[in-house]
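Structure record follows, encoded as structure tokens.
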Amino acid sequence: MPILNLNGYKIANPTILSRISHEELEALFRGYGYTPYFVEGDDPDTMHQTMAATLNTAIGEIRAIQKSARSSGKAERPRWPMIVLAFAQGLDRPEGDQPATRPRAPGVHIRCRFRMCVKIQAFELLQDWMKSYKPEELFDANGVLVPELQELAPRVVGA
């Protein structure tokens, strides 16, 4: 399922698709044969809940399309779901770092300066942030995704 990360601002200027109105963007992707679902906002808790609900809806649609195709035997072109994700730049930043909201804001959210002590602090902030995802619960000693999480992945039919 395609997920378009429509971050409105990159290093220099807005992305091309972020300049298109919501209605025009929806029409564009409908024309491509998709049913676009928009997940937009700037509050992390709301965004996580909205994204989870949208994924559930999209996966339900995919399963319905697959079930219909298997039971009918008809070769039809379905309208697959897709997600257009638009959130404030830096929304997923480490705790304590400010989001980049200026139009020409750089994409680097952990500030590194030339002095070594600041670089070490920035590294420690990055390290703490990454550890907050608890990789030891997600991967085994060899870096392989744990079986419980592997089971969550959708199965490819016929593979």
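Before moving on, here are some points about what is shown:
- Residues (without any contact (Cβ under 8 Å) to a residue 24 or more places away in the chain, on the phi < 0 side of the Ramachandran plot and outside any helix (DSSP H, G or I)) located in the stretch 58-77: Lys74, Ala75, Glu76
- Scoring Thr57 on the criteria (1) modelled with pLDDT of 85 or more; (2) farther than 22 Å from Ala153 by Cα leaves a single failure, condition (2).
- Of residues in the stretch 20-33 being small (Gly, Ala, Ser) and assigned to a helix (DSSP H, G or I), the one nearest to Phe87 (Cα to Cα): Ala27
- Condition check for Pro36: outside any helix (DSSP H, G or I), under 27 Å from Pro154 (Cα atoms) and more than 18 Å from the chain's Cα centre (by Cα): no
The values are calculated or read from the model by the stated rules, or taken from the named source; none is laboratory data. On a predicted model such as this, the values are computed, not experimentally measured, just so you know. Counting neighbours? That spans all protein chains shown, and the Cβs are built from the backbone with ideal geometry, glycine included.
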